[in-house]
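Trainee: Please find one structure pasted underneath; my questions will follow.
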Amino acid sequence: MREPQVHVAIVSGDDAFAARWVAQLTACAALERRPPRCDFQFLAVASGADALRLAQDDGLLQTLVVDATTLPDSATVLPALAARRPEVDIFLMPAGDAHPETLAVELLHREDTKPAHLFRQVVSALQRRARTPFADTLRDYVYSAKDAWHTPGHSGGDSLRDSPWVADFYELMGEHIFNTDLSVSVQTLDSLLEPHSVIQEAQALAAEAFGARHTFFVTNGTSTANKVILQQLVGAGGKVILDQACHKSVHHAVVLFGVEPVYLAASMNTRFGFYGPVPQEVVLGAIDAHPDARLLVLTSCTYDGFRYNLAPLIRHAHAAGMRVLVDEAWYAHGRFHPELHPCALDCAADYVTQSTHKMLSAFSQASMIHVADPDFDLYRFRENLNMHTSTSPQYAMIASLDVARKQMSLEGFARLQGCLRIAGQLREGIDRTGVFRVLTLEDMLPQSLRDDGIRLDPLKLSVDVSASGYSARQLQLALFEDYGIQVEKVTHNTLSILVTLGSTESKVLRLLNALQALARKAPGARADGVTRRGAAGLPSLTDFACLPREAYFAPADRLPLQGAGQGPNAALVGAVSADQVVPYPPGIPVLVPGQRISRGIAVFLCDLYNAQSGIEIHGLVEHDGQPCLRVVQGLA
């Protein structure tokens, strides 16, 4: 494995001083033998403006040594550097006693500090970020090859390895998937339920990397993370303001904890089948109209990449005494590149949930909860978290969270530079087909959001296939079956493509080649303009007859979804849903318990059910081979 390259910049207006330090630090690096073994390169930077440019462009930059005594603009440059590259270590030689106490910097005396001493400090800071305390301990334990007389029953894979029936599964999964699957009996690996050593340290490093006061690892997804936070803040009931297009897990929490929801109707782009953010004036108005609400829940960014302008919304909620939860399941990468700023924690959100596995390098189900709430009750939170956490967590998943944090801290910027470049190549190449095109924010944004400062995550590409004559589902299947390519999701006329840390130039080449071939064979859009079945517009939010918890636990009847032919059952219109009905992906409910069923909702569900689009519909009940909905008895 090659040594990683590390750039260290000496920022000083004194050219002779900077040159001398570069030479002496380079000599120190040549003698260094401690891990991590790195290829150090020291750079002389003459001004604050040059340092900002370097931070913007250099993915190998890990450390800045700032000589503020020679930089008249250091008071403005230092906060800008910390905001642009928050993961980079900053060592400051202050001018006298003046230094920014709010910034995480190490202080050095310009005259007293020796290059050898500074180099040791630089390496120590790098070593700290490079530590993966839990993953390292897990690796060391596995390599020590202890005999297992404890759970799990496969005992490091020994139950499968020599079996004539299931040894093939052992070979498929590999040795380490089994010997890293350990038990709470191994005390050196700490406890996820009550961490006090390596898991605690790993979570502290994650909090530092992601900009939180506290971070907690979650091994059963952001769905559980959202429920834990609602239990923390409104577990005994209370009023919550939430975006209709929140993930299904938030709506589940509303039922679990008897919450009184104030649902805010999501904006909709019915042409392409996207739910968008709630208009800013609607969110602000709801905060004013419901001063007794205890929590505001928003999703940013969405599955399709929409990002709220969060700062004014969070400020308004805080002024009203509300806490704010931002579901950032799709935006764990936002902290690590200036083109993606600001993320929710930058905007002062109190609680942020992230699916570390969605865009970063963690295993599926691996998520994090980040907390910045100044009134956070740690003891109560741990009890709430433990109610939802297995007492037998998957240790490889915890290790993957530790490693994903390390990667973003040390090379997140550089990796995201590559992702942004790949996203640009895909946009250009897909548009060049002349048949498929990548939608812009202007294409996707509903009119009601034009002045709300909404932004689009550039790593989520929505491809309009309307001009091809294919449905999105047909293209999804063709890409998979003929070219070995799996996309993220589809609407009736769009494909969603995610650019992640694992995207490569080879994958770009294969995807563009496949889309070019499909474009050449495309039949073209229908001249009559008839919309294909399954493209019914997204249904609007309807009113509520009762609280979701009351509806979910009330006596209910089953009514068929369809009436004569494949049309909707007229008896559903006006009935009250007892269940949450969720097309998945993206996991946004069309109905939640207590909501009245409109004809538009019934038509939408019938069209979706019959479209064979590959989208699951959670909440439909199959009875005698027919799809049914549960509706509350006696409410209409």
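The values are calculated or read from the model by the stated rules, or taken from the named source; none is laboratory data. These numbers were taken from a predicted model, which means no experiment stands behind them. Neighbour counts are summed over all protein chains in view; Cβ atoms, including those assigned to glycine, are modelled from backbone coordinates with ideal geometry. Please note that ligands, DNA and RNA were not included when accessible areas were found on the heavy atoms of the full protein model with its side chains. Shrake-Rupley method; radii C 1.70, N 1.55, O 1.52, S 1.80 Å.
Trainee: Just to confirm the filter: which trypsin sites (Lys or Arg not before Pro) across the range 1-93 are DSSP coil and have at most 14 other Cβ within 10 angstrom of their Cβ? Could the numbers behind the result be given before it?
Mentor: On the way: sites: Arg2, Arg20, Arg33, Arg37, Arg53, Arg84; in loops: Arg2, Arg33, Arg37.
Filter output for the range 1-93: Arg2, Arg33, Arg37.
Trainee: Quick check: pseudo-label points 7 Å beyond the Cα along Cα→Cβ at Leu172 and Glu428, how many nm apart are they?
Mentor: 4.1 nm
Trainee: Rounded, prolate or oblate for the range 536-601? Axes are the square roots of the Cα gyration tensor eigenvalues, ordered a ≥ b ≥ c, and the cut-off for rounded is a/c under 1.5. List each step's numbers first, then the result.
Mentor: Numbers: a/c = 1.67, a/b = 1.19, b/c = 1.41.
Oblate is the answer for the range 536-601, as a/c is 1.5 or above yet b/c matches or exceeds a/b.
Trainee: How large is ³J(HN,Hα) for each residue in the range 475-492, as worked out from phi by the Karplus curve 6.51 cos²θ - 1.76 cosθ + 1.60 (θ = phi - 60°), to whole Hz, x for Gly and Pro?
Mentor: My calculation for the range 475-492 gives 5, 4, 5, 5, 4, 6, 7, 9, 10, x, 10, 10, 8, 6, 7, 9, 9, 5 Hz in order.
Trainee: At most 10 other C-beta atoms within 10 Å and a DSSP loop state: those are the exposed GluC sites (Glu not before Pro) I care about. Give me the longest piece of the chain that has none. Display every interim value, and only then the final one.
Mentor: Numbers: sites that count: Glu101, Glu111.
So the longest stretch without any such site is 112-636.
Trainee: Go through [x] 68, 38, 24; [y] 45, 29, 28; [z] 50, 28, 23 and flag the label whose value is the computed semi-axes √(5λ) of the Cα gyration tensor in Å for this structure.
Mentor: Label of the calculated value: [y].
Trainee: A follow-up question, please. Please state the relative contact order of the range 182-294 as a whole percent: Cα pairs under 8 Å, 6+ residues apart? Please report the intermediate quantities before stating the final value.
Mentor: Working: 121 pairs, mean separation 21.0, N = 113.
Relative contact order of the range 182-294: 19 percent.
Trainee: Treat every Asp and Glu Cβ in the range 419-511 as -1 and every Lys and Arg Cβ as +1, leave all other atoms uncharged, and give the resulting dipole magnitude about the Cα centre to the nearest 20 debye.
Mentor: Values: 11 positive and 12 negative charges, 34 e Å.
The calculation lands at about 160 debye.
Trainee: Also, quick follow-up: How big is the gap, in Å, between the Cα center of the range 448-473 and the Cα center of the range 593-608?
Mentor: 24 Å
Trainee: Can you send over the carbon and sulfur percentage of the accessible area for the chain, probe radius 1.4 Å, protein chains only? Don't skip to the answer; put the middle values down first.
Mentor: Values: 14120 of 27370 Å².
Whole-percent figure for carbon plus sulfur exposure: 52.
Trainee: If you place +1 on the Cβ of every Lys and Arg, -1 on the Cβ of every Asp and Glu, and leave all else neutral, what size is the dipole of the chain about its Cα centre, to the nearest 20 Debye?
Mentor: Numbers: 54 positive and 68 negative charges, 229 e Å.
The calculation lands at about 1100 debye.
Trainee: Could I ask something else about it? Taking the Cα centre of each part, how many Å lie between the range 214-280 and the range 166-202?
Mentor: Computed from Cα coordinates, the inter-centre distance equals 31 Å.
Trainee: Report, in listed order, any pair from Lys227/Lys358; Lys146/Lys406; Lys489/Lys521; Lys239/Lys358; Lys358/Lys406 with a Cα-Cα distance greater than 24 Å.
Mentor: Values: Lys227/Lys358 19 Å; Lys146/Lys406 27 Å; Lys489/Lys521 22 Å; Lys239/Lys358 30 Å; Lys358/Lys406 16 Å.
Where the Cα-Cα span goes over 24 Å, the pairs concerned are Lys146/Lys406; Lys239/Lys358.
Trainee: Just to be sure I understand the model, the point goes 7 Å from the Cα along the line to the Cβ. What's the resulting Glu106 to Lys239 distance in nm?
Mentor: The modelled label-to-label distance comes out at 5.1 nm.
Trainee: Roughly how many whole Å is it from the C-alpha centroid of the range 45-64 to that of the range 339-387?
Mentor: Rounded to whole Å, the Cα centres lie 29 Å apart.
Trainee: Can you give the accessible area per residue of the chain, in Å², using a 1.4 Å probe? It would help to have the intermediate numbers written out before the result.
Mentor: On the way: 27370 Å² over 636 residues.
Here the per-residue accessible area is 43 Å².
Trainee: To the nearest 10 degrees, how steeply does helix 395-431 sit against the main Cα axis of the chain, on a 0 to 90 scale?
Mentor: With rounding to tens, the tilt is 70 degrees.
Trainee: 222 nm [θ] for the chain, helices only, -39500 (n - 2.57) per DSSP H run of 4+, per residue, to 500? Spell out each step's value before the answer.
Mentor: Values: 21 runs with 240 residues, N = 636.
Value at 222 nm, helices only: -11500 deg cm²/dmol.
Trainee: Using only Cα atoms, find the angle between the long axis of helix 198-210 and the longest principal axis of the chain, and express it within 0 to 90 degrees, rounded to the nearest 10.
Mentor: 90 degrees
Trainee: Next question. Just in the range 414-456: which trypsin sites (Lys or Arg not before Pro) are loop by DSSP and have at most 12 other Cβ atoms within 10 Å?
Mentor: Those that pass, being in a loop and sparsely packed, are Arg450.
Trainee: Quick one: compute the contact order of the chain, relative version, from alpha carbon pairs under 8 angstrom and 6+ residues apart, as a percent. Mind dumping the intermediate values first?
Mentor: Working: 1193 pairs, mean separation 70.5, N = 636.
Once normalised by length, the contact order is 11 percent.
Trainee: Normalised by the residues of the range 399-541, what does the relative contact order come to in percent, with Cα pairs under 8 Å and at least six apart? Walk me through the intermediate numbers first.
Mentor: Numbers: 147 pairs, mean separation 38.8, N = 143.
Reported relative contact order: 27 percent.
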